[in-house]
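One structure is given here, and the rest of the page talks about it.
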RNA sequence: GCGCCUGUGGCUCAACGGAUAGAGCACUAGCCUCCGAAGCUGGUGGUGCAGGUUCAAUUCCUGCCAGGCGCACCA
């Protein structure tokens, strides 16, 4: 719930274990948890259950003894004003109940410090590079890229909020086979536009946008050899515009073409060779990735002398480390999961630890319209694009929907539901809570923060429940970090909104006794800060009115 | 065949190995002379199958069944 209190309670339990002589038996971390239900207190610990077998005694007896000791320690360490009671419940859980004063103090902190009060310094300035989207500049962004963009951007926001030093990077595949094919596709369409009869190969880019590029290339008299680069530039501009409209910003665009020119690929090869991880066989150059748990060794230079895709990628990841990043995060599509081991092998070959690279596989989203899946096929150029989703449902709903499910899970995205401005749509539920608070604050005749503020009048279940939910924000961010997944924020904001709506429905803010009105204004102002901070992390617009 | 992901009410999803498996939609019964009813309250209804580990399994392990994705000298 809150780091400081959590630390205090952990220390308290640890001290008691020592007194009782159980610390030797219990060497794991002390599992201080939020209970599944708030009728079990504010924090819970299940040590008694875990110790039961070791001590060969019933968990209830152990818990009772622990509680005795805890009560004494609480008095001794003057924590009585914080903790109202500790008791054994259920099978042998030890539950801590905090005083309302604790929650009032925390609320005060949020109101006076704003979102700074919600921050946690988990990053401590650590340099992290998050690479995502990285779509080839051969076509518009698809919904698969869109989900990666939403997840990557939101996760980067969270990391920044947790004081990581974050760079968002897009790896640009601006040379190689697919760019050649792109150029040939344009060339052929150009001929077609000039009235020539052509046969358009199946593996060429089919989309209608190729005609647009061909017309532009014709106007500017681009030479055939340069058509690939011209088309890639043209498409990249479109991609950049789409990302900006989606609210996703990148700090750097890493060009593969530049990488190839820099000599860094050769340098990486040389170092791998020195370390003995390269060998030649069948006329090809192989990377010994099996030395690091890969299924088979991988070719990096083909027998025809050209490089595989892995070659620049190995150098690219080395370059990230060389620039001082100590944590690399890659967001890839599910079609790349077979690729994880070989890249991981490469960073280990250079002496980096396996956990310095995190790969987040972003599962595909299936687009539905009125409950019917929309068929997609990249080859025919018939796929739903980010642009279409943006045009149809708008940026806020799109971002929220892409973040609503665990990143590793498939996601059903119904355009009609996302478009609805109704209860079916969770985006509006959350935005509505925010707008409602703004509305009350607007029409309030009293300023909440003038003079002394006495929050002790906040003692209703819904009032304390709302504060407790607000304090969970930090826990949620912590979970996002540990699981490498930002989606929990969307779940949390819905819960926070529910807590607010419940409070709103039962208790009036305005027109109460002055002290009550002011305290409740402070309460909803605090809720507004947390809602706003969460929505900002998601990259969703705050609505004052709707 | 091998690897990864996923099986939870009619639908979409939750649940650090913990307490009576939670929400939303749909269905259904209520709540606005009162700060925004885009809201709130109640009801119906659920862990793919079979074993195992554990004081405790939706969660971990094994097998099976079902679905998705991947297994290149493609990118």
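Each reported figure results from applying straightforward, stated rules to the coordinates on display, with no laboratory input. Predicted model, so just to flag it, every value in this text is computed and none were measured. Glycine also receives a Cβ, built like all others from the backbone with ideal geometry; neighbour counts cover every protein chain displayed.
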(message) For a protection proxy built on the mean count of beta-carbon atoms within 10 angstrom, sort A:136-144, A:34-42 highest first, please.
(response) A:136-144, A:34-42
(message) Cut-off is 10 Å between beta-carbons; in what order do A:106, A:240, A:194 appear when sorted fewest neighbours first?
(response) A:194, A:240, A:106
(message) Contact order normalised by length for segment A:118-245, with contacts defined as Cα pairs under 8 Å and 6 or more residues apart; what percent is it?
(response) 31 percent
(request) Along Cα→Cβ, 7 Å out, is where each label goes; now give me the distance between the ones at residue A:483 and residue A:429 in nm to one decimal. (result) 1.7 nm
(message) Can you tell me the orientation of helix A:264-274 relative to chain A, as the angle in degrees between its alpha-carbon axis and the longest Cα principal axis, to the nearest 10?
(response) 80 degrees
(request) Sum -39500 (n - 2.57) across every DSSP H segment of at least 4 residues in chain A, then divide by the residue count to get the 222 nm mean residue ellipticity, nearest 500. (result) -16000 deg cm²/dmol
(request) Report the extension gain between residue A:37 and residue A:23 in nm, rounded to one decimal, defined as 0.36 nm multiplied by the number of residues separating them, less their alpha carbon distance. (result) 2.2 nm
(request) Could you work out how far helix A:426-443 tilts from the main Cα principal axis of chain A, as a 0 to 90 degree angle to the nearest 10? (result) 50 degrees
(request) Compute the distance in nm between two label points, each set 7 Å from the Cα along the Cα-to-Cβ direction, one at residue A:280 and one at residue A:366. (result) 5.0 nm
(message) Could you give the length gained by full extension between residue A:502 and residue A:80, i.e. 0.36 nm per residue of separation minus their alpha carbon distance, to one decimal place?
(response) 148.9 nm
(request) Please give the helix A:3-19 orientation as an angle from the longest Cα principal axis of chain A, in degrees from 0 to 90, rounded to the nearest 10. (result) 60 degrees
(request) Provide the percentage of antiparallel DSSP beta bridges, counting only those with both residues in chain A; round to the nearest 5. (result) 50 percent
(request) Set the Förster radius R0 to 22 Å, insert the Cβ-Cβ distance between residue A:543 and residue A:419 as r into 1/(1 + (r/R0)^6), and round the FRET efficiency to 0.05. (result) 0.85
(message) At a threshold of 8 angstrom on Cα-Cα distance, excluding pairs fewer than six apart, so keeping six or more, what relative contact order does chain A reach in percent?
(response) 15 percent
(request) Using only Cα atoms, locate the centre of segment A:458-503 and the centre of segment A:163-241, then give the distance between them in Å, rounded to an integer. (result) 46 Å
(request) Would you work out if chain A is rounded, prolate or oblate? Take a ≥ b ≥ c from the square roots of the eigenvalues of the alpha-carbon gyration tensor; rounded if a/c is under 1.5, else prolate when a/b is larger than b/c, oblate otherwise. (result) oblate
